Amino acid sequence: MDRVIGLIAANFATDEMGELTDERTIASLPYGGRYRLVDFPLSNMVNSGITTVGIITPYKYRSIIDHVGAGKAWGLDRKNGGLFVLPGSVFGISSSGSRFLLRDIRRNVVYLMRSPAPYVLVTSANTVSNMDYSELLKRHLETGADITLVYNVADSDDTHRTGIKTDGDRVTEVIHGVSAGDKAFLDCFIISRSLLLKIVEWYSAIDYLDLFEVLEDDFDKMDVRAYMYEGYAKSIFTVQDYFKGSMDLLNMNVYDEIFSKDATIMTKVQDSVPTKYVKSAVVKNSLIPAGCVIAGSVENSILFRGVTVGKGAIVKNSIIMQSCVLGDGACIENAIIDRSNVIRAGTVIKGSAEEAFIKEKSIS
């Protein structure tokens, strides 16, 4: 994997995440009790042996730069290679499925040109998986392909994901939207560095388009292959995706695969005291990190650091982000409570299984 450099496209924006991305990008969205979405592709690259990684930052870059810093948590604060924070253009809202804006790549050709590595592994920042990218490189080298795309089989209809049409494993077309059973692009691919630089040069006049939008008429001229990933992967484009993917982590099979001891998902270190459970606490099938105080009932839910659940309070099928305080007797069900909210005693907040209620981040 020393022949590969990584590039994480964290500049994707959408209007489907509601209040959750008013002040942050999807890449820095809290996930799984103590992580951010960008942690997953970043950790996968490091675990796969990639030691040079560039992150294309979004317009709202503060939260992601604050999180990744110099890459110390991932062992990327190094003299040779390491983490490169790269500028991104103003992406805007995309409804066509664009993830890899050609303009973002063109703005960062210096990053690509300075590396001697012959291959570039490119991913989005909004897919949760624990993937060994060395297997992707192995397949890419075996087939001699120009580009190899990673896909899985869609388990439901989804207008936001990109579908892949193939003849054998040869990609013939990419389409916007998938149906259950279709091959769905996981927004991850490997390409030779020289070819990527040539594409940027060839299509400089239309660099406002997505990489695969400009290539869609050239699949018959290039050898583009598809590689199936059989493990768990969840692409996050909407609030429903975020809520369902988070709840998937309460399934022990999914949890054990994503947070494998053999390939650790790394994140920014935040030291805190252990969680305190008082005698009245009742906790069932939930993820609760350090720094919390639990006096009430928590069931089928995910809490983040520093959450206080008051006596008699009930949290069910919900996500409670960092530093929230739930007063005595409060009831939270099918909801996402963003960070630093104080829910007064006796307050009832309920969404539905189909549409979670969102309480936006408190700025007070």
* Asked: Debye sum, Cα scatterers, region 242-322, no solvent: what log₁₀ I/I(0) at q = 0.15, 0.20 1/Å?
  -> -0.56, -0.95
* P(r) tail fraction, region 1-67 - alpha-carbon pairs more than 18 Å apart, % -> 39 percent
* Order of 363, 320, 8 under a 10 Å beta carbon neighbour criterion, fewest first -> 363, 8, 320
* Treat the count of other C-beta atoms within 10 Å as a stand-in for reagent exposure and order 161, 139 from fewest to most. => 139, 161
* To do: State the three equivalent ellipsoid semi-axes of region 276-359, derived from the C-alpha gyration tensor as the square roots of 5 times its eigenvalues, in descending order and whole Å.
  => 17, 13, 12
* Can you work out ³J(HN,Hα) from phi for every residue in region 49-56, in order, using Karplus 6.51 cos²θ - 1.76 cosθ + 1.60 and θ = phi - 60°, giving whole Hz and x for Gly and Pro? -> x, 7, 10, 10, 9, x, 10, 7
* Structure fact -> The residues 227, 111, 242, sorted from fewest to most surrounding Cβ atoms within 10 Å, come out as 111, 227, 242
* To do: Would you please give the residues with an amide H less than 5 Å from that of residue 54, counting only those at least 5 places away or on a separate chain, with H modeled from the backbone geometry?
  => 6, 7, 8, 84
* To do: Would you mind checking which residues have amide H under 5 Å from residue 342's amide H? H placed 1.01 Å from N; only 5 or more apart, or other chain.
  => 325
* To do: Might you report the magnitude of the Cβ-based charge dipole of region 4-258 about its Cα centre, with Lys and Arg at +1 and Asp and Glu at -1, to the nearest 20 debye?
  => 1140 debye
* To do: Measure of size requested: the Rg and Dmax of the chain, with Cα atoms as the atom set and Å as the unit; please supply both.
  => 20.9, 68
* To do: Count neighbours as other Cβ atoms within 10 Å of each site's Cβ, and list the GluC sites (Glu not before Pro) in region 165-222 that are DSSP loop with at most 14 such neighbours.
  => 216
* If you take every DSSP beta bridge whose two residues both sit in region 1-93, what share of them, in percent to the nearest 5, is antiparallel? -> 20 percent
* Asked: Roughly what angle does helix 239-248 make with the longest principal axis of the chain, taking Cα atoms, 0 to 90 degrees, to the nearest 10?
  -> 80 degrees
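FYI, it's all coordinate maths here, none of it is from the lab. Predicted model only: the values in this text are computed from it and were never measured. Note that we place each Cβ from the backbone using ideal geometry, even for glycine, and neighbour counts take in every protein chain shown.
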